[in-house]
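Every number in this text was worked out from the coordinates using simple rules, so none of it is lab data. As the structure is a prediction and not an experimental result, all values here were calculated from the model. With ideal geometry, Cβ positions are generated from the backbone for all residues, glycine too; neighbour counts draw on all protein chains shown.
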Amino acid sequence: MKTIKKVDADGIARFTHDGVADADVSAHPFATADGLGLSLTRFHRRGAVRAGTDAVLLVHGLTTSSDMYVMPEHANLVNELHDAGFGDVWALDYRMSARFPYNAETHRHTLDDVAHWDHPAALAEMRRHIGADRRVHVITHCVGSVTFSMALFAGTVTGVTSLVCNSVSLTPRTPAWSKLKLRFGPALMEYVLGPPYMDPRFGDAPAGTRGWMLAKAVAPFHRECDEPACHVLSFMWGGGQPIFTHDKMSPVTHARLTDLFGACNVHYYRHLHKMVAAGRAVRYALRDRRHADLPADYLAGAAGVTTPILFLTGDRNNVFADSNIVCHRTLESIVPGLHELEILPGYGHQDPFMGKASATEVFPRVLDFLKRKAG
C-alpha cells in the first residue's frame, strides 16, 4: 500500500481567511437560546450576478469548522460560489465547530440541541442582515447535514430555497466497526480512558499521556500514511478506513489536519448510535421537555417538506456508507421527483468539499443544482 509522507503546511495560519479573494469579510456573533455564543462569517463580493437576490449558507460537520470551505491551498467553495455569481456567502460556526471550545468540555449536548437552537438562531441572524425576502440556499456536510435536515423537517427553520447534504442526512448508516465505536466508545472514554472527547491532536500530545498512548495504539492499523492526526480521525469516524480518499487530498491539506479538525465530545456518539439503530433521525430523549416541540421521528412529516435537496455521497464513503442513497430512495417514495442524488466516483466522506480537485469534479454539480433552484 502506498504511504503518504508528511509535508510542510506551507505556513498557512490556523483559522485564516486568506483563501477568499476579492470579498468583504465580516463576523456576526449571535447566541443560542441555551446560552452558547456562536458565529457567522459573511463573505460578500459586491457586483456578483446574484448578490442581491440569492444568499448561500455553508454548514460544516462535526469536528471541522467554516475553515473547510475557505482553504487557501486550492480552489475552495466560497470562491467558486462567488465566481458563479453567488456573491453573498455566509459560513456558520455552530456548537460543534473546531473554532469553539465546546467539544472539549464535559457536556451532554445532542443533535436535537443543534436542530432546535443553533440553526434557527443562525438563520435569524442572517435574515437580520439580508432581509426576510431573499432566497437562501444551504450547503451542509456530515453531522451538519444531519442536524440541518432535522431542523428543516421539524420546522425549526423555514424559508430555505434549496439544500445540499453531503455524505449523510436523515437516515444515518455506518459500517459495523463504527457501530461498535458509537455504542461503546462514549462510556469507555468518559469512565475508563478519559477525557470525554477525542482529538486529532492526541498524536502531538506529550509522550506518556493518555491521548498520546491512544494515538500510538491506533497508528499500526492505519498504514496508508504516516500522519498521526489522520490515524486518529480515521479511528474517530472511519469504519476502519480513512475518512477521505488520500489521492483526492492535497498533501498540504493532509499536513493541516490538526488545523482543520478539532475535538469531538463523545456524547454526540450516543445520539448517532440511536439514529443508526433506528435507521433514521430520531429525538434522543423523548422525556426531555426542552425539546417537546421536536418530532420523535424527523421523517414523520416528510410529505410536507417542499425544499428540494441534493444528496451527495462518495462511492468510497467509509464514514456514513450509503446513507444518502438510502435517504434519497426513502424520500423519493414519499415525494417523487423533488430531490436529487449525485454519487461521486472515487470520493470518500470529507474530500468532496476539501479535495484538491473538488472545484472541477464536485462543485460544478452543486452549482448547477443551485442555479436551477435559484430560478
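Tabulated values for the structure
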item	result
Length-normalised contact order for the chain - Cα pairs under 8 Å, 6+ apart - percent	21 percent
Tensor-based shape of the stretch 306-347 (alpha-carbon gyration tensor, a/c under 1.5 rounded, otherwise prolate or oblate)	prolate
Unit charges on C-beta of K, R, D, E only; dipole of the stretch 24-374, Debye	620 debye
Charge dipole of the chain about the Cα centre (unit charges at C-beta), most positive-ward option of L58, S250, A281	A281
Interchain or long-range residues, amide H under 5 Å from L344's placed H	T313, G314, D315
Rg over Rh [alpha-carbon atoms, Kirkwood Rh] for the chain	0.94
In Hz, Karplus ³J(HN,Hα) per residue of the stretch 126-133 (6.51, -1.76, 1.60; θ = phi - 60°; x = Gly, Pro)	4, 5, 4, 9, 9, x, 7, 9
Lys/Arg +1, Asp/Glu -1 at C-beta; the chain dipole; positive extreme among P175, F221, P364	P175
Sequence ranges 151-157, 132-138, ranked by mean other-Cβ count within 10 angstrom, highest first	151-157, 132-138
Highest-first arrangement of 98-104, 169-175, 20-26, where packing means the average Cβ count within 10 Å	169-175, 98-104, 20-26
Under 23 Å between alpha carbons - lysine pairs in the stretch 24-374 that sit 8 or more apart or on different chains	5
Neighbour-limited loop hits for GluC sites (Glu not before Pro), the stretch 1-105 (at most 14 other Cβ within 10 Å; DSSP other than H, G, I, E, B)	E105
Shape call, the stretch 1-118: gyration tensor on alpha carbons, a/c limit 1.5	oblate
Estimated dipole of the stretch 1-93 in Debye, rounded to 20 [Cβ of Lys and Arg +1, of Asp and Glu -1, Cα centre]	200 debye
Stokes-Einstein D (µm²/s) once Rh is taken as the Kirkwood radius of the stretch 61-101 over alpha-carbon pairs, at 20 °C in 1.002 mPa s	194 µm²/s
Cut-off under 5 Å, modelled amide H: who pairs with L310 long-range	L163, V164, C165, E340
Whole-Hz ³J(HN,Hα) from phi, Karplus 6.51 cos²θ - 1.76 cosθ + 1.60, for the stretch 361-375, glycine and proline x	9, 10, 4, x, 5, 5, 5, 4, 5, 5, 5, 5, 7, 6, x
Unit charges on C-beta of K, R, D, E only; dipole of the stretch 111-201, Debye	280 debye
Helical mean residue ellipticity (222 nm; -39500 (n - 2.57) per DSSP H run of 4+; nearest 500) of the chain	-9000 deg cm²/dmol
Considering only the chain, percent of DSSP beta bridges that pair antiparallel, nearest 5	40 percent
Rounded if a/c under 1.5, otherwise prolate or oblate - the stretch 50-156, Cα gyration tensor axes	oblate
Euclidean distance between Cα centres, the stretch 77-119 to the stretch 233-258, Å	20 Å
